[in-house]
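Read-outs: derived from the displayed coordinates by stated rules, not from any lab. Please read these numbers as outputs of a predicted model, since none were measured by experiment. Counting neighbours? That spans all protein chains shown, and the Cβs are built from the backbone with ideal geometry, glycine included.
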Amino acid sequence: MIYFDAAYIAKCYLNEPGADRVRELAYAADGLASCELARLEFASILKRHVREHHVTRREVTAILKDFEEDEQNGVWQWFGVTSELLERARKAVLDIPSTVFLRSGDALHLACAEEHGFEEVYTNDRHMLKAARHFHLTGVNVLGKNG
């Protein structure tokens, strides 16, 4: 099983640059996982794509139908946002060097992946990739440096 952040989840459903490589990785995996936060982030990504006229509302409806079918078919395993997870992320944010840029959502993803025993997280977010090691994780970007 591999851990995707919301950016990689979006590439499973949207025709964004690099989506083919992320989908290839997803198809080869024996399961996909993420923090429940990614479900909200994915919805926000879809709204942004509508706002920026990259997809229509009708296309979003079809994407959400595919996404929900995948959820029902067990493609995605969601890990809950608990008080303990939030505390783990909070402590990590306070403990990592101040030179490391880390958004709260990324900290939650990294803490979640660490808590559930993952060794790697898949993302193209450069800040999350750099911060991963502070959570005993390896950040992997199959899209290359500029993903």
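Below is a table of values for the structure above.
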read-out	value
Members of the stretch 30-51 that are hydrophobic (A, V, I, L, M, F, W, C), touching a residue at least 60 places away in the same chain (Cβ under 8 Å) and either surrounded by fewer than 18 Cβ atoms within 10 Å (Cβ to Cβ) or assigned to a helix (DSSP H, G or I) (or both)	Leu37, Ala38
Criterion violated by Glu41 - all others in (1) within 21 Å of Glu114 (Cβ to Cβ); (2) of a type in the set (D, E, K, R); (3) over 14 Å from the mean Cα position of the chain (by Cα) satisfied	(3)
Those residues of the stretch 67-89 which are over 17 Å from the mean Cα position of the chain (by Cα), closer than 22 Å to Ala7 by Cα and not in a loop (DSSP other than H, G, I, E, B), in sequence order	Glu69, Gln72
Subset tally (residues that are surrounded by fewer than 18 Cβ atoms within 10 Å (Cβ to Cβ) and assigned to a helix (DSSP H, G or I)) for the stretch 90-147	11
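Here is a yes/no grid of residues against (1) in contact with an Asp or Glu (Cβ under 8 Å, 6 or more places away or on another chain); (2) over 23 Å from Arg21 (Cβ atoms):
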{"residue": "Ala43", "(1), (2)": "no, yes"}
{"residue": "Val50", "(1), (2)": "no, yes"}
{"residue": "Thr56", "(1), (2)": "no, yes"}
{"residue": "Ile63", "(1), (2)": "no, no"}
{"residue": "Asp66", "(1), (2)": "no, no"}
{"residue": "Leu102", "(1), (2)": "no, yes"}
{"residue": "Asp106", "(1), (2)": "yes, no"}
{"residue": "His109", "(1), (2)": "yes, no"}
{"residue": "Asp125", "(1), (2)": "yes, no"}
